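Encoded as structure tokens, the structure appears first; notes follow it.
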């Protein structure tokens with residue numbers, strides 16, 4: 001269990017993490033979601049004591065990480081796949097880590113086997129692809145059979161097979177009762193793996209709930225209607241209190257009105273309807289809604305130029321698009 | 001206990017945890033780290049070849065082509081002369097000492113190291129101990145081999161120079177100590193600066209450039225300053241002759257030299273433990 005209490009980190013003028021309070025519970029995968037630069041990596045560094053918080057505390061099973069008897073048995077973390085000495089072989093990299101915690105030497109080879117790197121065990125990690133680096137980092141995280149696992153953007157650089165592998169691994173680790181805390185800026189990735197979500201924007205906590213609650217609370221149902229008389233229907237929908245936006249030449253996306261109401265409205269006014277379909281609100285949209293709000297909120301803070309907020313919103317949009325594209329590519 | 005359907009199936013079960021991860025494990029880990037990268041072999045290998053090579057070439061040349069008689073030579077500090085490759089060897093030891101710690105930062109390995117062992121004092125002191133021990137052993141090998149080869153040239157010339165000559169043992173052991181001290185100084189600078197080029201530049205600056213720069217000061221200033229410089233103070237421990245008043249004694253000089261290293265290491269240790277990694 002990870003417990004953060006009023007966690008704050010300031011780098012000079014910039015407030016990277018702003019008064020975060022949350023709990024990551026064992027037995028489930030908790031997604032840590034936020035656009036790039038939201039403070040996810042900083043929060044993870046604070047949990048591990050790599051950076052000292054400006055104020056607030058964070059504990060692992062009730063103790064600061066540095067007070068834990070065998071750190072590798074408590075926490076396994078993959079923060080940055082490139083945080084290795086490229087001149088050292090995969091085997092020696094894991095060996096020097098295992099030795100710090102008096103872990104059996106035999107586990108080094110076995111961990112490499114587990115992540116599929118046995119064949120390159122004696123090779124220097126400089127020549128590894130990003131995906132191989134991720135696998136090596138995961139092997140290091142698993143060496144001590146830890147109760148808590150933290151992964152920062154673990155699917156980056158992995159091929160589709162690798163992505164599937166790590167998703168299953170995280171679910172399996174959680175099912176064994178471990179605490180699994182995984183960050184991502186890809187909403188679609190979280191939808192597939194996480195049960196619980198902690199969402200941050202600009203270093204602040206935006207949401208702390210289950211994935212389903214998050215979608216329910218933050219997105220509205222959109223209904224797509226295809227009709228040759230889209231303009232007339234749009235006017236009628238607006239008059240009824242709904243919101244209609246054109247979706248191509250002969251279709252509308254309608255919110256704030258139910259499917260039945262839209263169907264009846266069209267029938268009563270003798271409008272032909274060729275399609276009437278609900279569009280499932282995805283985590284992607286819910287996330288964009290939410291971080292858009294946090295961006296707007298922060299834009300109002302004195303000293304924060306609105307220009308930055310706009311750039312941030314564009315950044316979020318770009319994240320969403322790239323996320324969707326990556327999703328589509330699989 | 002664990003079956004193959006579990007996430008970590010196939011891994012040897014861990015023994016029951018007793019005590020806590022501490023200095024012993026950190027020491028073994030740092031030894032693995034230093035022996036498993038090629039830069040260790042390259043720096044220590046070139047320190048050995050360069051120091052011994054230059055000493056041997058210089059001494060062979062002077063012993064065989066100089067005009068000085070055995071009686072004249074007996075007044076010279078031939079022990080120090082037979083070790084003079086240390087002047088360049090110390091600079092390579094600076095590279096070794098600095099890189100032992102700055103490479104953790106340049107590669108990002110430090111974040112992985114401190115995640116495995118967040119008690120930073122353990123990591124820092126075990127690393128320093130391993131670096132010092134390795135530099136000391138290699139330094140002594142360099143020093144003894146240089147002397148044993150070079151003294152044979154002088155003996156062939158008729159000068160009685162062996163390890164049992166007055167102060168010879170102190171100077172030869174001192175050569176290794178001085179090389180280890182150079183590595184320790186650079187290690188401290190590396191911990192402060194966290195930057196390979198910066199640590200090497202400042203280490204070379206302190207040991208080498210500073211000694212040259214002081215020559216441009218007025219003579220009266222030099223008289224007061226010279227003996228306290230790292231190279232001049234530390235250099236006494238690998239000499240058998242000291243000019244009274246101008247030079248510090250062998251061990252006093254080495255003590256002053258060590259103070260530079262201790263200050264750098266103390267500052268480095270403070271930065272290592274308190275600054276964000």
Would you please state the base-10 log of I(q)/I(0) at q = 0.07, 0.10 1/Å for the protein assembly as shown, with intensities from the Debye formula using one equal scatterer on every alpha carbon?
-0.59, -0.93
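Report the antiparallel proportion of the DSSP beta bridges in the protein assembly as shown as a percent, rounded to a multiple of 5.
Among the beta bridges of the protein assembly as shown, antiparallel pairing accounts for roughly 65 percent.
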Sequence-separation-based contact order of the range A:220-279, relative, with Cα cut under 8 Å and 6+ spacing, percent:
49 percent
Order of B:160, A:208 under a 10 Å beta carbon neighbour criterion, fewest first:
B:160, A:208
Give me the percent relative contact order of chain A, please, defined on Cα pairs under 8 angstrom at least 6 residues apart.
19 percent
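With both bridge residues required to lie in the range A:100-222, what share of the DSSP beta bridges run antiparallel, to the nearest 5%?
The antiparallel fraction comes to roughly 55 percent.
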If you build a Gaussian network model of chain B, linking Cα atoms that sit under 10 Å apart, which residue out of B:242, B:75, B:195 swings the most?
B:75
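Taking R0 as 60 Å, what FRET efficiency do you get between residue A:231 and residue A:119 from their Cβ-Cβ distance, rounded to the nearest 0.05?
About 0.40, to the nearest 0.05.
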Place the peptides B:221-228, B:60-67 in order of packing, highest mean first, counting for every residue the other Cβ atoms within 10 Å and averaging per peptide.
B:221-228, B:60-67
For the protein assembly as shown, what does the helix formula give at 222 nm: sum of -39500 (n - 2.57) over DSSP H segments with n ≥ 4, over the residue count, nearest 500 deg cm²/dmol?
-17500 deg cm²/dmol
Remind me, relative contact order of the range B:24-274 in percent, using alpha carbon pairs under 8 angstrom and six or more residues apart?
24 percent
Report the convex hull volume per residue for the range A:69-219, counting only C-alpha atoms, in Å³.
125 Å³
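Which order results if B:105, B:270 are arranged by neighbouring Cβ count within 10 Å, fewest first?
B:270, B:105
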On the first, second and third principal axes, largest extent first, how far apart are the outermost C-alpha atoms of chain A in Å?
78, 47, 34
Convex hull per residue volume in Å³, alpha carbons only, for the range A:1-73
94 Å³
Neighbouring partner chain Cβ atoms per residue of B:114-125, average, 10 Å criterion
6
Starting from the 7 Å offset along Cα-to-Cβ, what nm value, one decimal, do you get for the label separation of residue B:18 and residue A:8?
4.6 nm
Stokes-Einstein D for chain B, Kirkwood Rh over Cα pairs, 20 °C, 1.002 mPa s (µm²/s)
105 µm²/s
What does the structure give for B:242-250 when I average, per residue, the other chain Cβ atoms found within 10 Å of the residue Cβ?
0
Compute the label zone of residue B:141 within the range B:155-180: residues whose backbone N is under 19 Å from the point 7 Å along Cα-to-Cβ.
B:172-180
Everything considered on the Cα gyration tensor (a ≥ b ≥ c; rounded for a/c under 1.5, else prolate if a/b is larger than b/c, else oblate), the range A:220-279 must be described as rounded
If you take every DSSP beta bridge whose two residues both sit in the range A:2-216, what share of them, in percent to the nearest 5, is antiparallel?
55 percent
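Read the figures in this text as sums done on the coordinates, not as results from a lab. In this text, all values refer to a predicted model and were calculated from it rather than measured experimentally. Methodologically, a virtual Cβ is constructed for each residue, glycine included, from the backbone with ideal geometry; neighbour enumeration extends over all protein chains shown.
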